[in-house]
Amino acid sequence: MSDATRVGVDETGSAKGHIAGELLLHGSSVENITQLSMDMSPAYTLGASHVFPGASITFGKFHVVKLLNEALDQVRRDEHKQSAIKDLKGSRYIWLKNPQDLSENQQKLLKELTKTHKKLAKAYQMKLVLQDIYSSNPGRDEAEMMLKKWLGWADRSRLEPIRAFAKTVKSHLMGVLEYFTTGLAAGISESINSRIQDIKRRAKGFANIDNFIAMVYLSGAGLGLSECPLAW
């Protein structure tokens, strides 16, 4: 790993500080790493600042939009509790999708629900606008201007989950803006981690860590059992 300068971080680890240890085992060092991609977990950012003091941190689009979707869903739940008409039940995935990804029936339902649930409709529109900022692929300076304008809109929205999301983004703004320079995302790490977690679920857990690691390598390499040498 002597040429590695970028690290993508996801939530599964074998032990505290294991990334730095793996780098050392494979001919690299923490000093070689100049860029990290991760989510906005306080534990991640605190650990990164200690272990990789010379690296810049990128908070990718996926994590930002994921947090906004969580805030949007909280607005939906709040609306459902307060509304006399319980017509939001079962509509969660409609609000999490983009309009072009909805079926014809879902688009019709979305249009009907936005007429009767103004707060939720506003939160949904704010989500689409934020996504448009990313899809327009602006430079860092333009992205900063657009994001700050959006954050001001969020502060004035009177939607507490959206305001809480905006507060989180503000406190991580430099890392959020770094995405428009580096384009980094932890997608590969997340994909690998998802596969590892699936292996663990299928086995209902592992009592022996060596067996777990062996299954990760076996699955990750796409090998069949007939291709694996057996040690007796």
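The values are calculated or read from the model by the stated rules, or taken from the named source; none is laboratory data. From a predicted model like this one, the values you see are computed outputs, not experimental measurements. Please note: Cβ atoms are built from the backbone with ideal geometry, for glycine as well, and neighbour counts cover all protein chains shown. Just so you know, the surface numbers come from the protein's heavy atoms only, side chains and all, with ligands and any DNA or RNA stripped out. Shrake-Rupley method; radii C 1.70, N 1.55, O 1.52, S 1.80 Å.
Placing +1 on the Cβ of every Lys and Arg and -1 on the Cβ of every Asp and Glu, with nothing else charged, gives segment 27-91 a dipole about its Cα centre of roughly 280 debye. Select from Leu24, Leu36, Leu120 the residue whose mean-square fluctuation is largest in a Gaussian network model of the chain (Cα-Cα springs shorter than 10 Å). Looking only at Leu24, Leu36, Leu120, the largest GNM fluctuation is found for Leu24. Rounded to the nearest 20 debye, the dipole size of the chain about its Cα centre is 1400 debye, using +1 on the Cβ of Lys and Arg and -1 on the Cβ of Asp and Glu. Protein heavy-atom accessible surface, 1.4 Å probe, per residue over the chain: 62 Å². Projected onto their three principal axes, the Cα atoms of segment 65-154 cover extents of 45, 27, 21 Å, largest first. Of the residues Ser171, Asn193, Gly139, the one whose Cα sits farthest toward the positive end of the charge dipole of segment 136-203, with +1 on the Cβ of Lys and Arg and -1 on the Cβ of Asp and Glu, is Asn193.
Shape of segment 65-117 from its Cα gyration tensor (a ≥ b ≥ c, root eigenvalues): rounded if a/c is under 1.5, otherwise prolate when a/b > b/c, or oblate?
Values: a/c = 2.31, a/b = 1.10, b/c = 2.11.
In terms of gyration-tensor shape, oblate.
If you sort the three axes of the alpha carbon gyration tensor as a ≥ b ≥ c, you get a/c of 1.5 or more for the chain and a/b no higher than b/c, which makes it oblate.
For Thr58, the residues 5 or more places off, or on other chains, whose built amide H falls under 5 Å of its own are Leu36, Ser37, Met38.
Among rounded, prolate and oblate, which fits segment 1-80 when a ≥ b ≥ c are the square roots of the eigenvalues of its C-alpha gyration tensor, a/c under 1.5 means rounded, and a/b larger than b/c means prolate? Don't skip to the answer; put the middle values down first.
Numbers: a/c = 3.19, a/b = 2.62, b/c = 1.22.
Prolate, since a/c reaches 1.5 and a/b exceeds b/c.
How long is the gain from Leu24 to Ser41 if the chain were fully straight, where each residue apart is worth 0.36 nm and the alpha carbon distance is subtracted?
Details: separation 17, 0.36 × 17 = 6.12 nm, distance 2.50 nm.
Taking 0.36 nm per residue and subtracting the Cα distance, the gain is 3.6 nm.
If the elastic network links every pair of Cα atoms under 10 Å, which of Arg201, Arg92, Arg140 fluctuates the most in the Gaussian network model of the chain? Maximum fluctuation in the GNM of the chain, among the listed residues, is at Arg201.
Can you give the FRET efficiency for Lys167 and Asp141, using 1/(1 + (r/R0)^6), R0 = 22 Å, r = Cβ-Cβ distance, to the nearest 0.05? Write down the numbers at each step before the final one.
Working: r = 23 Å, r/R0 = 1.05.
Computed FRET efficiency for Lys167 and Asp141 comes out at 0.45.
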